[in-house]
Amino acid sequence: MKITANRKKLLQAVRTALKAVGSEQVMEELSGLLIEAEESTGIISITGSSVHTQIQCRLRNEHVLEGGSVVMNPVVADMLKLLGGETVEIGSAFNRMEIRSGTAKYNIAALDAEKYPKMQFPFPEDFITVKGINSIIKRTAFATDTTSKDASKRSLEFVKLSFKGGKTIAEATNGNIAAISQTPHASDGNLDIVLHESALNILANAVSPGDELYVGVTGSFAVFMKEDLFFSSQIFDGDFIEGSKLMAYVKPKYKATVDASELYDLAANVTSILTGSDDQCVNMTIGNHSLAMQTKNATSESKSEIKATGAIPTGEEGYNFNPKWLLNCLRQVTGPTNVLLDEKGYLLLQANQSMYCVCPRRPVHICVVEKKEKKPKEPKAEKKPRTKKTTKAKTEVAAAA
């Protein structure tokens, strides 16, 4: 393989494809990037993969002197960045790669492309267009659970995307919180797909917010396309727990409208006294014209409030929540935010075309460790004064005198 390409365009393609390459791979070839060059079309393709998710970037109208393919080390991205020329020449033979620009040259090892598990990127028969997918992914993917080793909870790692009625809706839950967000940018049909949160975060980082994507399904894979960028990820086909159904059971009885940034600052400030050894709990109450939060531990207490409008007050005892889950949700909301509570304490946050549910917890439990009384120390025995020992030599000298 021998090619000459625009250095900056090739660097951008390599960086984008690397987003799909994970730190832990099942085979050596997947730790690198597949580069392919077609002599007849002049197209250079860069592919990164983690088996279940792949990104491919294509460069057109480049100079392909000799076609071929090879798996290159990700360090190529650093090399392309350091080279200063406008164009770069790349050649490969016998599992070696030479990268040259101007007077600078790198020579590195490469891997056999035949072992690379490349998936084809066929154009779906049916597809829809969508914009602003970055936003809804970031506002929902955080609500997944990727730490559980329980196989029965595997669906909690995934996010559901629904394209229908001219809208795109995303939802996810980890059992403690649930998130649902939407954007009006979707068209041309209905489609439901469930993808892993890591795959969607890769997609969100690979495209810009204003990009228009074509979305379709090919076999068991969802495919997202934009000009010369192709993204695919395996669809989850198990039972998915829908967070929207959890929210449908919440019948609000108490409410207040507050500013999102003030609400986040309130929660962050009152929970700042909690340490890792404390029972993680924050209490929320709604008054006639305010919303208050407080926390306690064995040594201190923190309480503050912010202004609220349209309030229907709770009782003085309020409701309790895990600060981690509450703050994770509050980071996503902006502008005027509706705070809704039902009789059991299930919390709904409504703002900027998104809704978040936080499950309540029991009141704080503070363990007070009783200090053991110190036993009085027994008086030390008096020490006898030391007497100087007289050596035999000194005694003889004294006797002679």
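Any chance you could run the full-extension gain for C367 through K245? It's 0.36 nm times the residue separation minus the Cα-Cα distance, nm to one decimal.
That works out to 40.2 nm of additional length.
Cut-off 10 angstrom, C-alpha nodes, Gaussian network model of the chain. Which of A170, A151, A298 fluctuates the most?
Answer for the Gaussian network model of the chain: A151.
Could you order the peptides 83-93, 11-21 from most to least packed, using the average number of other C-beta atoms within 10 Å per residue?
The packing order, highest mean first, is 11-21, 83-93.
Say R0 is 60 Å: what FRET efficiency, to the nearest 0.05, do I108 and K303 get from their beta-carbon distance?
Once rounded, the FRET efficiency stands at 0.50.
For an R0 of 60 angstrom, estimate the FRET efficiency from the Cβ-Cβ distance between S290 and S40 and round to the nearest 0.05.
Working from the Cβ atoms, E equals 0.25.
Give the accessible surface of the range 204-298 per residue, rounded to a whole number of Å², with probe radius 1.4 Å and ligands, DNA and RNA excluded.
47
Counting only residues 5 or more places away or on other chains, whose amide H sits under 5 Å from the amide H of G318 once H atoms are built in the peptide plane?
Answer set, sorted by chain and number: none.
Could you give the size of the charge dipole of the range 138-201 about its Cα centre, using +1 on the Cβ of each K and R and -1 on the Cβ of each D and E, expressed in debye and rounded to the nearest 20?
80
Residues of the range 1-91: accessible area per residue at 1.4 Å, in Å²?
Accessible area per residue: 47 Å².
Over the Cα atoms of the range 323-368, each weighted equally, I'd like the Debye log10 I(q)/I(0) at q = 0.27, 0.31 Å⁻¹, rounded to two decimals.
-1.02, -1.20
Can you tell me the 0 to 90 degree angle between the C-alpha axis of helix 197-206 and the longest principal axis of the chain, rounded to 10?
60
Enter the accessible area per residue of the range 152-195 (Å², integer; probe 1.4 Å; all protein chains in place).
I get 38 Å² per residue for the range 152-195.
Placing +1 on the Cβ of each Lys and Arg and -1 on the Cβ of each Asp and Glu in the chain, which of H52, Q353, H289 has its Cα farthest towards the positive end of the resulting dipole?
It is H289, whose Cα lies furthest towards the positive end.
Among residues other than L18 whose Cβ falls under 13 Å from its Cβ, what is the net charge (Lys/Arg +1, Asp/Glu -1)?
+2
Please work out how much length the chain gains when fully extended from L18 to N95, using 0.36 nm per residue of separation minus the C-alpha to C-alpha distance, in nm with one decimal.
25.7 nm
Taking all protein chains in place and a 1.4 Å probe, what share, in percent, of the accessible surface of the range 1-138 do carbon and sulfur account for?
Carbon with sulfur: 47 percent of the solvent-accessible area.
Using a 1.4 Å probe on the protein chains only, how many percent of the accessible area of the range 167-209 belongs to carbon and sulfur?
Ligands and nucleic acids excluded, carbon and sulfur reach 46 percent.
Taking 7 Å along the Cα-to-C-beta vector as the label spot, tell me the S208-K164 distance in nanometres, rounded to one decimal.
3.3
The values are calculated or read from the model by the stated rules, or taken from the named source; none is laboratory data. Just so you know, these numbers come straight off a predicted model, no measurement behind them. Glycine also receives a Cβ, built like all others from the backbone with ideal geometry; neighbour counts cover every protein chain displayed. The area values use the complete protein model at the heavy-atom level, side chains included, leaving out ligands, DNA and RNA. Shrake-Rupley method; radii C 1.70, N 1.55, O 1.52, S 1.80 Å.
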